[in-house]
1. Which of (1) over 18 Å from ASN235 (Cα atoms); (2) part of a strand (DSSP E or B); (3) out of contact with any Pro (no Cβ under 6 Å at 6 or more places or on another chain) does PRO120 not meet, given it meets every other one?
2. Just for the stretch 113-154: of the residues that are of a type in the set (Asp, Glu) and in contact with a Ser or Thr (Cβ under 7 Å, 6 or more places away or on another chain), which one is farthest from ILE76 (Cα to Cα)?
3. Is the stretch 308-316 home to any residue that is charged (D, E, K, R), out of contact with any Asp or Glu (no Cβ under 6 Å at 6 or more places or on another chain), within 28 Å of HIS248 (Cβ to Cβ) and part of a strand (DSSP E or B)?
4. Against the conditions (1) assigned to a strand (DSSP E or B); (2) of a type in the set (Ser, Thr, Tyr); (3) closer than 28 Å to PRO177 by Cβ, where does SER336 fall short? Just the number, please.
5. I'd like the full set of residues that are under 12 Å from VAL184 (Cα atoms) and of a type in the set (A, V, I, L, M, F, W, C), limited to the stretch 123-161.
6. Go through the stretch 156-182 and give me each residue that's under 27 Å from the mean Cα position of the chain (by Cα), modelled with pLDDT of 90 or more, farther than 10 Å from VAL194 by Cα and assigned to a strand (DSSP E or B).
7. Does at least one position in the stretch 256-272 carry a residue that is surrounded by 20 or more Cβ atoms within 10 Å (Cβ to Cβ), free of Cβ contacts under 8 Å to residues at least 40 places away in the same chain and either touching a strand residue (DSSP E or B) at 6+ places or on another chain (Cβ under 8 Å) or not in a strand (DSSP E or B) (or both)?
8. Please go through the stretch 126-138 and give me each residue that is in contact with an Asp or Glu (Cβ under 7 Å, 6 or more places away or on another chain) and either surrounded by fewer than 20 Cβ atoms within 10 Å (Cβ to Cβ) or aromatic (Phe, Trp, Tyr) (or both), ordered by number.
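The values are calculated or read from the model by the stated rules, or taken from the named source; none is laboratory data. Keep in mind the model is a prediction, meaning the values are calculated, not measured. Glycine gets a Cβ as well: all are built from the backbone with ideal geometry, and neighbour counts include every protein chain shown.
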Amino acid sequence: MKFKVFLFLLLIGFVLLFCARYLFQHLRSEFDKREQEIDEYSSRVDSPIPRIPRSVEIPDDIRQQFASVPIKPALIAELKTSGSLDAIKFSPTNPNFLVSMVGYWSKEGDNIMLWDVRNPTTPLATFHGESFSFSPDGDILAILNSGADNVIKLWDITDGKYISDVRVYGRDLAFSPNRIHLAVSSFGLEFIDVSNPKMPVEAFKYENNTLDENLTFSADGKLLATEESRNDRVNIWEIYENQIIKKHHIDVIEGKKVGWIETIKFSPNPQTPILAVADNDEDIRLYYPPDWQNYKVIPAGNIKDFVFTKDGNTLITGGLSEMAFWSVDSGHLQASIDGYSG
């Protein structure tokens, strides 16, 4: 009995040895074949790219423009903050003023700083809050602090003085383009009339069961887009005077189990207020009025933020390792600058 078991185990050993030898020879053959293909590819002689004749001669002024070496941008100022930067915005009217904001919970005390780039060592003023917005004329800075205070404070940028405040709970805020209203989002929308900054009052309120944030106005102020952070949907609100007359929904993620929206912005053209939405699937989708359908997708890759140029023809995106310039009309990449992240 033991002898039969021995013969059986011996037979199994021979079979395994044969299989191992066959597998080794097969892998060796595939490796030699792959090495031969690599050698043939490396030793090939490529034909030169054929020269395509120009149908139109390049004008002399264009030749001169590209003949010289581009001037390297000079560093104007370096502003050092502690904590993880969440936002940086220039004043809409004074390029010397900008505001930086570090994480609301990452820094004790003031986390929002107003800077003058001509004197970058010390901020002009510091504030505490989780969102801010410049008025369109650049005169007022609104700071939202929804912690223990639940208050919006208005500050005079020119004099650096406190103007007034209004108690309201919110997650984000933005001035309307005409500076009459300050929109605040939380569980719905609340509009504060700030036409008289010294006496801000509630204009109207629209309560909602979903949590809205990330406000952006169209150029004429007639549309406001918000992001529903819980279900990755964008709401577009049509506004007339002191009331909301219509509300549209855009399901950006389109049924995907995992996804989130990075940022949303309207194009600066009031006649065609295209809404651009960037989410984490590495695309920017363009939605067009009046039906707000997605007619174009820009394959921008992994980005954190983007901005339209003033003419609305180009999107500039900030990704993990580069800035990229995209044609809004064609969706094609126009140029990129490596080495700039976030």
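1. (2)
2. The first filter runs over the stretch 113-154 and keeps only residues of a type in the set (Asp, Glu), leaving 116, 130, 137, 139, 149.
Those left that are additionally in contact with a Ser or Thr (Cβ under 7 Å, 6 or more places away or on another chain): 130, 137, 139.
Values: GLU130: 28, ASP137: 24, ASP139: 24 Å.
Among residues in the stretch 113-154 that are of a type in the set (Asp, Glu) and in contact with a Ser or Thr (Cβ under 7 Å, 6 or more places away or on another chain), the one farthest from ILE76 (Cα to Cα) is GLU130.
3. Of the stretch 308-316, the ones charged (D, E, K, R) are 310-311.
Subsequent filtering for residues that are out of contact with any Asp or Glu (no Cβ under 6 Å at 6 or more places or on another chain) retains 310-311.
Going one step further and asking which of them are within 28 Å of HIS248 (Cβ to Cβ), we end up with 310-311.
Filter once more, so that each one left must be part of a strand (DSSP E or B): none.
No, the stretch 308-316 contains no residue that is charged (D, E, K, R), out of contact with any Asp or Glu (no Cβ under 6 Å at 6 or more places or on another chain), within 28 Å of HIS248 (Cβ to Cβ) and part of a strand (DSSP E or B).
4. Answer for SER336: the failing condition is (3).
5. Looking only at the stretch 123-161, we keep the residues that are under 12 Å from VAL184 (Cα atoms), and these are 131-133, 142-146, 150-152.
PHE132, ALA142, ILE143, LEU144, VAL151, ILE152, listed by residue number.
6. If the condition is that a residue be under 27 Å from the mean Cα position of the chain (by Cα), modelled with pLDDT of 90 or more, farther than 10 Å from VAL194 by Cα and assigned to a strand (DSSP E or B), then LEU173, ALA174 are the ones that fit.
7. No; the residues of the stretch 256-272 include none that is surrounded by 20 or more Cβ atoms within 10 Å (Cβ to Cβ), free of Cβ contacts under 8 Å to residues at least 40 places away in the same chain and either touching a strand residue (DSSP E or B) at 6+ places or on another chain (Cβ under 8 Å) or not in a strand (DSSP E or B) (or both).
8. Selection gives THR126, PHE127, HIS128.
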